[in-house]
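So the structure is just underneath, and the comments pick up after that.
Values in this text are rule-based calculations from the coordinates and carry no lab data. Source: prediction; values computed, not measured. Heads up, the Cβs are rebuilt from the backbone with ideal geometry, glycines too, and the neighbour counts pull from every protein chain shown.
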Amino acid sequence: MKKSKLSILFSLSVLAAILLSACGAAAPMILDQRAIYPESGEGIGAPAMEEPVAGFASDSGGGGAVANDAVVSQPAASERLVVKNASLSIVVDDPEKRMTEITAMATRMGGFVVSSNLYKTSLSDGTEVPAAYITVRVPADKFLDAMDQIRAGAVDVPSDTQSGQDVTAEYTDLQSRLRNLEDAAATLRQIMEEAKKTEDVLNVFYQLNSITEQIEVLKGQIQYYEESSSLSAISVEIIANQSVQPIKVGPWDITGVAKEAIESLVKALQGIAEALVWLALYILPVALIIGIPLWLVFRGLRGWSNRRSPKKAK
């Protein structure tokens with residue numbers, strides 16, 4: 001009887017141990033499931049998905065690393081790259097002086113002159129007036145101040161065009177491509193150092209040379225975007241005030257035309273009278289002085305020739 005009781009107690013102990021061990025194994029599983037899938041909120045039973053950054057599509061199958069790098073390097077809204085340019089024409093009294101002032105302004109702001117040209121144009125009446133054309137680059141944060149100073153003192157501003165281009169997406173894409181190419185170049189250098197065969201070394205060298213050229217091109221494009229966004233270009237056409245003055249036509253007066261006609265007639269008659277005086281007092285005496293001796297010589301030669309002609313006939 002005692003043995004049967006002991007065997008029953010032993011069986012119950014083993015069964016209790018098995019049940020406890022089963023519960024202990026199930027408890028962590030339940031906790032893990034609750035930690036991964038919360039019971040409250042949207043999307044129960046599935047982890048929350050991050051929204052992709054605009055301009056970068058998610059790529060499955062090995063492209064995750066590039067997408068993550070692009071997301072990390074995406075500039076903030078306050079750090080966006082915007083290329084600002086402007087083109088305007090102004091009317092001033094002295095174009096040459098105004099061009100010199102714009103040059104000094106750009107230098108004072110920390111910019112520089114890209115190109116300048118001072119030339120002359122002809123008006124309808126043949127008058128030559130100066131004109132100028134200048135392009136400067138100034139820091140982007142002083143762009144509006146520079147525009148105000150260029151307009152200041154101008155008689156008129158016939159045209160004023162401003163433009164802005166957001167190149168943040170292009171700039172970020174170039175940086176991502178540059179990092180990928182630099183990583184590939186580093187890997188190729190390591191492979192070339194470990195290569196044993198000459199053929200393998202040459203193949204890796206050609207690939208490395210091609211990637212290096214692409215890296216230099218990308219660096220140039222990145223530098224162009226950085227300089228264009230940090231320095232704004234302003235092109236100014238400087239027009240002389242005299243060039244834009246309207247043509248003034250006075251009232252027509254018949255008496256003025258008649259007066260001019262009479263004056264022209266009197267001048268013509270004076271010219272004819274002066275010609276007759278010159279003919280009578282200068283040309284005619286000179287002609288007589290030269291012409292009479294020549295005529296006498298001609299008559300003498302003709303008479304001598306006539307006297308010899310009958311003798312030849314006999």
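Just a few scattered comments:
- Rounded to whole numbers, the Karplus 3J(HN,Hα) couplings from phi for the range 225-237 are 5, 5, 5, 5, 7, 8, 10, 8, 9, 10, 9, 10, 9 Hz, using 6.51 cos²θ - 1.76 cosθ + 1.60 with θ = phi - 60°, and x at Gly and Pro.
- Taking every C-alpha pair closer than 8 Å and separated by at least 6 residues, the mean separation divided by the residue count of the range 98-214 gives a relative contact order of 17 percent.
- Rg/Rh for the range 110-182 stands at 1.20; both radii use Cα atoms, and Rh follows the Kirkwood definition.
- Sequence-ordered 3J(HN,Hα) estimates for the range 204-212 from the Karplus curve with 6.51, -1.76 and 1.60 and θ = phi - 60° stand at 5, 4, 4, 5, 5, 5, 5, 5, 4 Hz, glycine and proline given as x.
- When the Cα positions of Pro139, Gly110, Ile239 are compared along the charge dipole of the range 63-247, Gly110 comes out farthest toward the positive end, with charges on each C-beta of Lys, Arg, Asp and Glu.
- Gyration tensor (alpha-carbon) shape descriptor, the range 63-247, a/c threshold 1.5: prolate
- Comparing Cα centroids, the range 261-314 and the range 195-226 end up 99 angstrom apart.
- Toward the positive end of the charge dipole of the range 103-255, with +1 on the Cβ of Lys and Arg and -1 on the Cβ of Asp and Glu, the farthest Cα among Ser124, Ala184, Thr198 is that of Ser124.
- For the listed peptides 204-210, 173-179, 113-119, 281-287, a ranking on the average number of other beta carbons within 10 Å per residue, highest first, reads 173-179, 204-210, 113-119, 281-287.
- Mean Cβ count within 10 Å, highest first, over the residues of peptides 180-191, 94-105, 229-240, 157-168: 229-240, 94-105, 180-191, 157-168
- Close amide H partners of Ala195, meaning residues 5 or more places away or on another chain with modelled amide H under 5 Å apart, do not exist here.
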